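Okay, structure first, notes after.
Where a number appears in this text, it was derived from the coordinates with a stated rule and is not lab data. In this text, all values refer to a predicted model and were calculated from it rather than measured experimentally. Ideal geometry is used to build each Cβ from the backbone, glycine not excepted, and the neighbour counts take in all protein chains shown.
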């Protein structure tokens, strides 16, 4: 008796219109599929046990930051191999010392390539393989950067690279899979595999199968040895930037609001789990469980047997940059507003174990579309920080993926100091360290064994200036900037008091802005505070970073309600730029904690 979703051709599918799990379907040994799912979850746990022994388990300080020359924002995943971090940035691939960030060598050694390295680099044995937009694939020795071979792809460029110990598989823009011997660059397959459809997102290798999505709503598995299609699954919805997640002999796939555990070799669906919202890209799976992130920035945790998931999400707000990534027993979620979060997937109430916002280098500018009323949208980095398109950021509400937020009124393009740099490529965890490649070409390296943070967060009062006198009954905003480059600001640690009165506030990771809003009686604005009566106010701002360093700073203002309501000028003390009293743009969304 067939199970639901199995087509007459033998292809598998799971339907996003209804969540089905064939409980009556029996395994070849007579057990129910629920029991089979439990056995598989135990096998998955076993496959991760060794890799989780020395893994990132919580916050870590910034150890070093290195920056390369970029023409467009890097989206390729860097690779960590032994004592080196291999980074594709612009027209070169750099090898950095994993502990210090010192540049060991760059490839090509004689000068820039005539194209950009835009795809993930892969390492097979001691060979690094990197594809360039000039249609060449290059291989060089991991230790010294000496070129070992090159291969021209012909009419297409590389979209995705995956590799095993001996072979590199290249998915091309003209819908082929090219297999090359990692040592020699010779073709491992006599003829290229012609795909049925255009590959979308990322591909993975699992149990000898190359698994990938196509834009026409299918998932394919191709045997890496026989070059034959093993199975195909039809979907009713392909997520944005889809990424299969491999674990052991299985892959986790996403369609709409559902997650499915599928055997990589047979395509057999073990279970399907429906979540309350549509999922972005893919899931991150670790020994503790998995997490999925929705289009609204909500994080749900689920168990490896597919039988449980969190009912209340961790609400991060804003837009997700890439699908979540595993980091030891935890997972990383990256946002378009420069923030990333380390999330524990084991709890029914997922929580952020760490949050960090990647900040720009001094002088980094960003081109944004700005309305007459203020807040601009996401845009391009300008001089001082390299190029690159951002998704989201800027005015309240932010922009969509790859888009830009928009303020009110007419819009013009202006150049403003950048408040953050987004990490647009997947963050990579290696042991107790974390490596993030940002849009300005910077690599941020975190680790308790490579960094020390003994300095608390910086606190600035941007508007009104400390010592000012003002009317306390108008629409008044107190704007602060709180940042910590060492280990990140712990959002939940922030407290703001006016004399002894605890104030409500809004924290925005993009730029580290904190807004205390004073509104007239009867205001319906969420998070607003009541008007201020006459008298001096001592404003005390306290914040703690993730290494436990505490900062406290005091400011003062005089409230005189006989004064007229005025428009204050916001001056950014870090950059010297000024805007109207409404303050800087609010970025792509608030943060969770």
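Some values worked out for this structure:
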| read-out | value |
| --- | --- |
| Relative exposure of 480, 240, 446, judged by other C-beta atoms within 10 Å (fewest first) | 240, 480, 446 |
| Anisotropy class of the range 194-287 from Cα gyration tensor, a/c 1.5 cut | oblate |
| Mean-position separation - Cα centroids, the range 93-157 and the range 203-248, in angstrom | 26 Å |
| The range 458-559 - percent relative contact order, Cα under 8 Å, separation 6 or more | 34 percent |
| Residues in the range 191-207 reached by a label modelled at residue 226 [backbone nitrogen below 19 Å; 7 Å Cα→Cβ] | 191-196, 205-207 |
| Per-peptide average of other Cβ atoms within 10 Å, ordering 549-558, 76-85 highest first | 76-85, 549-558 |
| Three-way shape call for the range 306-346 based on the alpha-carbon gyration tensor, with the a/c threshold at 1.5 | oblate |
| Protection proxy ranking of 86-96, 494-504 - average other beta-carbon atoms within 10 Å, highest first | 86-96, 494-504 |
| The range 458-559: C-alpha gyration tensor shape, a/c 1.5 cut-off, then a/b vs b/c | prolate |
| Order of 255, 458, 425, 266 - criterion: other Cβ atoms within 10 Å of each residue's Cβ, fewest first | 266, 458, 425, 255 |
| Packing-based exposure ordering (other Cβ within 10 Å, fewest first) of 367, 147 | 147, 367 |
| Antiparallel bridges, percent of DSSP beta bridges restricted to the range 458-559 (to nearest 5) | 90 percent |
| Distribution of pairwise C-alpha distances over the range 70-121, 5 Å bins, in % | 5, 23, 29, 25, 15, 3, 0 |
